Amino acid sequence: MKFRFTVSTVFFVLLAGAAFAQSWPTKPVRIINPFPPGGGTDAFARPLAVKLTISLGQTVLIENQGGAGGTVGATNASKALADGYTWFMGAVHHTIAETLYTKLPYSLERDFVPLTVVAYVPNVVVVNPKHSFKNVKELLDYAKANPGKLNYGSAGNGTTHHLAVELFKTMTGANLTHVPYKGAGPLMPALLGGEVDLAFDGMGTSATQIKAGRLRPLAVTTKTRSPLIPDVPTMQEAGFSGYEVTTWYALWAIKGTPKEAFDRMYAETVKAMQQPDMKQIWDAQGATIGGQPPAEFAKFVHAEIEKWGKVVKDAGIKIDL
């Protein structure tokens, strides 16, 4: 059977696409956050959802689905209907997961389409004040003199909290014991209560505790110092040449999401992040706004998968889900 495409057929298709663009969304939109409430992802997802609710004219809900280093929520999102009403707010952790887990039920590059980075956030080496360490060298000296005695908390296996320390261990020979939690939210009370000794935490969740004196910062992991804690050196300034880690959070669409919904979501997300009150929220977290075009973000995701794949290989880590 042959199909004939007439001028009227083409016009109908274009008209239908235009109608979808104008009508979407017609019901609430959900963004799956694969971590528990109170973590770094929430710190950016929730203010963004408020702005998108206003600009899209429909409620945008944040749905927390924590577990397994963010892979439970990612798995569920990958199976969602690609109708423009489910989005995924993941992080750099998900580029790590691609090589860390032996049997990942989804593929970040196959099952999702990158939209844009929402925020870049430095990690910060923080310790519970019960310890006397004033800098990373003192921490390292103690760790080497007392192998396995210090433990570090993470937001879960495969998160930057985890791999940032594994990179540090590979570079220095430090022997630190890993204690994974189900997100940065549950990690913080454990760190404040002394259940774990230290963390290479995201600035977004540690900034308030640092200012209150409940955590002591030793170094930031980015190339430059953070304006939130300008007196705290970078890891490179602290004597660890070549060490650099940045956490980032981003939005993905489910593969097959209609282009009209994808394009509008991108436009409204970028517009929201440029608003002065949003910039203040980002600044308070020590974060830099993203917003790069989807094609550029896709290249970045691929490069991050390769970069962290090497770290995973060098550290000799593999995890079964």
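The values are calculated or read from the model by the stated rules, or taken from the named source; none is laboratory data. Just so it is clear, the structure is predicted and the values come from calculations on it, not from any experiment. Don't worry about glycine lacking a Cβ; one is built from the backbone with ideal geometry, like all the others, and counts go over all protein chains shown. Surface accessibility is based on the protein's heavy atoms, side chains included, excluding ligands, DNA and RNA. Shrake-Rupley method; radii C 1.70, N 1.55, O 1.52, S 1.80 Å.
This table checks each residue for (1) out of contact with any strand residue (DSSP E or B) (no Cβ under 7 Å at 6 or more places or on another chain); (2) touching a residue at least 40 places away in the same chain (Cβ under 8 Å); (3) open to solvent by 10 Å² or more (accessible area, probe 1.4 Å); (4) part of a helix (DSSP H, G or I).
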residue: Ile96; (1), (2), (3), (4): yes, yes, no, yes
residue: Pro105; (1), (2), (3), (4): yes, yes, yes, no
residue: Leu115; (1), (2), (3), (4): no, yes, no, no
residue: Tyr120; (1), (2), (3), (4): no, yes, yes, no
residue: Asn123; (1), (2), (3), (4): no, yes, no, no
residue: His131; (1), (2), (3), (4): yes, yes, yes, no
residue: Asp141; (1), (2), (3), (4): yes, no, yes, yes
Could you list, in sequence order, all residues of segment 229-242 that are more than 25 Å from Thr208 (Cβ to Cβ) and either open to solvent by less than 60 Å² (accessible area, probe 1.4 Å) or not polar (S, T, N, Q) (or both)? Gly239, Phe240, Gly242
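Against the condition open to solvent by less than 50 Å² (accessible area, probe 1.4 Å), in contact with a helix residue (DSSP H, G or I) (Cβ under 9 Å, 6 or more places away or on another chain), aliphatic (A, V, I, L, M) and at pLDDT 95 or above, how does Leu192 come out, does it pass?
Numbers: open to solvent by less than 50 Å² (accessible area, probe 1.4 Å): no; in contact with a helix residue (DSSP H, G or I) (Cβ under 9 Å, 6 or more places away or on another chain): yes; aliphatic (A, V, I, L, M): yes; at pLDDT 95 or above: yes.
No.
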Kindly indicate which of Ala80, Ala45 is at pLDDT 95 or above, part of a loop (DSSP other than H, G, I, E, B) and within 30 Å of Asp320 (Cβ to Cβ). Ala80
Ala250 passes all but one of the listed conditions (1) assigned to a strand (DSSP E or B); (2) farther than 22 Å from Val121 by Cβ; the exception is number (2)
Pairs with Cβ under 9 Å, 6+ apart, first in segment 41-67 and β-branched (Val, Ile, Thr), second in a loop (DSSP other than H, G, I, E, B) and crowded, with 22+ Cβ neighbours inside 10 Å: Thr41/Pro34; Thr41/Phe35; Thr41/Gly183
Of the residues in segment 254-281, those that are farther than 16 Å from Val117 by Cα, touching a residue at least 60 places away in the same chain (Cβ under 8 Å) and of a type in the set (Asp, Glu) come to Glu260
If the requirement is being under 14 Å from the mean Cα position of the chain (by Cα) and of a type in the set (D, E, K, R), which of these qualifies: Asp42, Asp83? Asp42
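Among helices (runs of 4 or more DSSP H) lying entirely in segment 255-321, which contain 2 or more residues that are in contact with an Asp or Glu (Cβ under 6 Å, 6 or more places away or on another chain) and loosely packed, with under 13 Cβ neighbours inside 10 Å?
On the way: elements: 259-273, 276-284, 294-315.
Where helices (runs of 4 or more DSSP H) fall fully within segment 255-321, none carries at least 2 residues being in contact with an Asp or Glu (Cβ under 6 Å, 6 or more places away or on another chain) and loosely packed, with under 13 Cβ neighbours inside 10 Å.
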How many residues are polar (S, T, N, Q) and under 18 Å from the mean Cα position of the chain (by Cα) if we restrict to segment 269-321? 4
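Just give me the residues in segment 195-209 being farther than 17 Å from Thr159 by Cβ and surrounded by 19 or more Cβ atoms within 10 Å (Cβ to Cβ), in sequence order.
Listed by number, the residues that qualify are Asp197, Ala207.
One line per residue, one yes/no per condition, for (1) out of contact with any helix residue (DSSP H, G or I) (no Cβ under 9 Å at 6 or more places or on another chain); (2) under 16 Å from Met89 (Cα atoms):
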residue	(1), (2)
Gly242	no, no
Ile254	no, yes
Pro258	no, no
Arg264	no, no
Glu268	no, yes
Met273	no, yes
Pro276	yes, no
Lys279	no, no
Asp283	yes, no
Scan segment 211-228 residue by residue and report those that are hydrophobic (A, V, I, L, M, F, W, C) and either assigned to a strand (DSSP E or B) or surrounded by 19 or more Cβ atoms within 10 Å (Cβ to Cβ) (or both). Leu215, Leu218, Ala219, Val220, Leu228
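Do you know which residues across segment 143-156 are in a helix (DSSP H, G or I) and buried (at least 22 other Cβ atoms within 10 Å of the Cβ)? Step through it out loud before you land on a result.
To start, the set of residues in segment 143-156 that are in a helix (DSSP H, G or I) comprises 143-145.
Ala143 - this is the single residue of segment 143-156 that is in a helix (DSSP H, G or I) and buried (at least 22 other Cβ atoms within 10 Å of the Cβ).
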Just to be sure, is Thr75 part of a helix (DSSP H, G or I), without any contact (Cβ under 8 Å) to a residue 40 or more places away in the chain and open to solvent by less than 40 Å² (accessible area, probe 1.4 Å)? yes
